[in-house]
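The values are calculated or read from the model by the stated rules, or taken from the named source; none is laboratory data. In this text, all values refer to a predicted model and were calculated from it rather than measured experimentally. Virtual Cβ from ideal backbone geometry, glycine too; neighbours counted across all protein chains shown.
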Amino acid sequence: MPLEAPLASATERAAELNTRYRNHSAVDVLRHALSDPQVGRAALVSSFGAESVVLLHLLSTLDRTVPVIFLDTEMLFAETKTYQKELAEHLGLDVRVAGPDRAKLMEHDPDALLHRRDPDACCAMRKSEPLEHALSGFDAWVTGRKRVQGGARANLEFFEADGKDRIKINPLAHFSLEDIQDYITNNRLPRHPLVARGFASVGCAPCTTKTKPGEDPRAGRWRGQDKTECGIHFENGKLVRTGVETIL
């Protein structure tokens, strides 16, 4: 039952939504989130990475009109871009491609080597800033983050505040690695082609390596660097670099 009046902030709305849907399944959380007035207009953000197909398939079973924002950093694997096109067609999704500002790239990263000099700045310019632009006009966005990914995500809730007004929705928060694989297998979903080649997590090509047996799935991201996440938080409508959280 929706509240009679909206709560004042994203933090309050997220807390109320978590109380209401705490014991629901992933599909129920996503279903309710897409129609709950406390959430508002939502988009799903996807990297079309190693595990992305689970959330994308869930969305396709509920509402294919919900926009899916795909961030093309212009440093992705060719396999990811092909997979994105094929999967979007297979699932009938409304994919909207967002990317970095071309003039800014030419000014700050003309040789496409900024990721070596300043990986945080590279992530901000190629991913974080385009994402914020793409999300303008949306009250919430759906992510594929999970508690099992550890770190800042260990206590992840279904709903969380993203700045003062926007909400993040994490329907897969309680999924285990086994749940992910079982879902893909049981629904006969196409896997990212790089998974079979040893990539447990797929990001930008220069910053992603294969993982060895027994390694954490995200061990191949920014290997050898003091960096494990990319993304942004918003406070009072301004970008805040934090070491942050990835979308998937």
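Has the stretch 33-47 got at least one residue that is closer than 21 Å to Lys127 by Cβ and either of a type in the set (Asp, Glu) or exposed (fewer than 15 other Cβ atoms within 10 Å of the Cβ) (or both)?
No: the stretch 33-47 contains no residue that is closer than 21 Å to Lys127 by Cβ and either of a type in the set (Asp, Glu) or exposed (fewer than 15 other Cβ atoms within 10 Å of the Cβ) (or both).
Screening Thr185 with (1) β-branched (Val, Ile, Thr); (2) part of a helix (DSSP H, G or I); (3) at pLDDT 90 or above; (4) surrounded by 13 or more Cβ atoms within 10 Å (Cβ to Cβ) gives one miss only, at (4). For the stretch 110-136, filtered to residues that are closer than 22 Å to Thr208 by Cβ and not in a helix (DSSP H, G or I), the residue that is farthest from the chain's Cα centre (by Cα) is Asp111. State the number of residues belonging to the stretch 202-235 that are in a loop (DSSP other than H, G, I, E, B), modelled with pLDDT of 70 or more and among the polar types (S, T, N, Q). Counting residues in the stretch 202-235 that are in a loop (DSSP other than H, G, I, E, B), modelled with pLDDT of 70 or more and among the polar types (S, T, N, Q) gives 2. The condition of being in a helix (DSSP H, G or I), surrounded by 21 or more Cβ atoms within 10 Å (Cβ to Cβ) and under 14 Å from the mean Cα position of the chain (by Cα) holds for only one of Leu87, Leu30, Leu56, that being Leu56.
Let me confirm something: among Leu156, Leu248, which residue is assigned to a loop (DSSP other than H, G, I, E, B) and at pLDDT below 80?
Of Leu156, Leu248, the one residue that is assigned to a loop (DSSP other than H, G, I, E, B) and at pLDDT below 80 is Leu248.
Determine whether Glu107 is at pLDDT below 95, surrounded by 14 or more Cβ atoms within 10 Å (Cβ to Cβ), at negative phi and assigned to a helix (DSSP H, G or I). Judged against the criteria, Glu107 is not a match. Across the stretch 33-52, the number of residues qualifying as touching a residue at least 40 places away in the same chain (Cβ under 8 Å) and touching a helix residue (DSSP H, G or I) at 6+ places or on another chain (Cβ under 6 Å) comes to 6. Before we move on, is Leu71 of a type in the set (A, V, I, L, M), surrounded by 14 or more Cβ atoms within 10 Å (Cβ to Cβ), more than 21 Å from Asp165 (Cα to Cα) and in contact with a Cys (Cβ under 7 Å, 6 or more places away or on another chain)? When the stated conditions are applied, Leu71 does not pass them.
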